[in-house]
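The structure under discussion appears below in the form of structure tokens.
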Amino acid sequence: MAESFYIPAGDDAWLATPHTTGPWDARAQHGGPPSALLGRAIQRCGPRDDMIIARFTCEILRPIPVGEIRVQARLARPGRSVELLEAVASAGGRDVARATAWRVLRTGSPPVPPRSEPPPPLPAETPPAPPGDGWVDGYLSAIEWRPVRGHFTEPGPATVWGRMRYPLLPDEETAPLERVLAVADSGNGVASALDIRRWQFINPELTVHLQREAAGEWICLDARTIISTGGAGLATSVLSDLDGQVGVGAQSLLVAPRPG
């Protein structure tokens, strides 16, 4: 079994391991690991210690294969105080995901704490629950989940702590942004609003707004999903570490009956 989510495969190329496999199709990656890989590329593009990523968006253009992908990043809009960066993941000569991120200058502004309630305490270790009927294991077991309320198989809002069991890349410490992005794309799965045996919630994008860098391995998702008549939906997650809120995640959703 691989000991990381990706393995280096040459210049700008990475081989996805089974830990990236999403729950719906054994051939396609979950959105979390590739978002983290794109975030890594963005942070390493013209790095500036005096700046912090304030907003990250990943557009999932088509299923991202569990295989070799190439990731490249560029500085789209340089600046002294605000910069826009872009990254692209491709496979088989086609773009499969694109990401953009705004990074802003670190300043000496006084903190204004969020008005939301602090995250719940981290629960004690619990035995992992087996995937539900029709779910593919891979990513689900590569993240350690500790639910506070709700469950993957139960419709409704949910709060869960999660952390990566493996590093994003071998022999490299996973950065705070990468840890957040690897988990943030699970909001629609954690807080499914309809029976997942009959409905699927496909998110073509993930947007994360960050107010500070996360500390430690554990990330809490306090997630809920709203679905309107017509098939569109929105999953939102308050993202926290053990010290408090770090940001907010959102996913636009296509809500459709599951095939078969």
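The values are calculated or read from the model by the stated rules, or taken from the named source; none is laboratory data. Small disclaimer: the values here were computed from a predicted structure and weren't measured. FYI the Cβ positions are ideal-geometry reconstructions off the backbone, even for glycines, and counts take in every protein chain you see. Surface accessibility is based on the protein's heavy atoms, side chains included, excluding ligands, DNA and RNA. Shrake-Rupley method; radii C 1.70, N 1.55, O 1.52, S 1.80 Å.
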For region 58-66, state whether one or more residues are in a strand (DSSP E or B) and open to solvent by 50 Å² or more (accessible area, probe 1.4 Å). yes
For Ala182, only one of the following conditions fails: (1) in a strand (DSSP E or B); (2) within 13 Å of the chain's Cα centre (by Cα); (3) among the small types (Gly, Ala, Ser). What is its number? (1)
Qualifying position, being farther than 22 Å from Ser141 by Cα and among the hydroxyl-bearing types (Ser, Thr, Tyr), among Ser4, Ser35, Ser90: Ser90
Could you tell me which residue of region 148-171 is most open to solvent (accessible area, probe 1.4 Å), considering only residues that are among the aliphatic types (A, V, I, L, M) and in a strand (DSSP E or B)? Val148
Among the listed residues Thr126, Thr174, identify the single one that is open to solvent by 20 Å² or more (accessible area, probe 1.4 Å), assigned to a loop (DSSP other than H, G, I, E, B) and of a type outside the set (Asp, Glu). Thr126
(1) touching a Pro at 6+ places or on another chain (Cβ under 6 Å); (2) farther than 22 Å from Trp102 by Cβ; (3) assigned to a strand (DSSP E or B); (4) not aliphatic (A, V, I, L, M) all hold for Ser192 apart from (3)
Hey, any hits in region 216-227 for a residue that's within 22 Å of Asp25 (Cβ to Cβ) and of a type in the set (D, E, K, R)? no
Out of all the residues in region 5-38, which are acidic (Asp, Glu) and touching a strand residue (DSSP E or B) at 6+ places or on another chain (Cβ under 6 Å)? Asp12
Considering region 180-205 alone, what residues qualify as being surrounded by fewer than 24 Cβ atoms within 10 Å (Cβ to Cβ) and in contact with a helix residue (DSSP H, G or I) (Cβ under 9 Å, 6 or more places away or on another chain)? Ile196, Phe201, Ile202, Asn203
Matching residues in region 80-94 (farther than 16 Å from Arg27 by Cα and either surrounded by 13 or more Cβ atoms within 10 Å (Cβ to Cβ) or of a type in the set (A, V, I, L, M) (or both)) number 8
Of the residues Thr225, Thr236, only one is within 15 Å of the chain's Cα centre (by Cα) and open to solvent by 10 Å² or more (accessible area, probe 1.4 Å); which? Thr236
In region 14-27, how many are closer than 18 Å to Gly92 by Cβ and either open to solvent by 20 Å² or more (accessible area, probe 1.4 Å) or aromatic (Phe, Trp, Tyr) (or both)? 5
For region 2-13, does any single residue satisfy the condition of being farther than 16 Å from Ala73 by Cβ, in contact with a helix residue (DSSP H, G or I) (Cβ under 7 Å, 6 or more places away or on another chain), open to solvent by 10 Å² or more (accessible area, probe 1.4 Å) and among the small types (Gly, Ala, Ser)? yes
Which of the residues belonging to region 94-119 are over 24 Å from the mean Cα position of the chain (by Cα) and among the small types (Gly, Ala, Ser)? Gly108, Ser109
Only one of Val208, Val248 that is open to solvent by 30 Å² or more (accessible area, probe 1.4 Å) and either at pLDDT 95 or above or in a loop (DSSP other than H, G, I, E, B) (or both): Val248
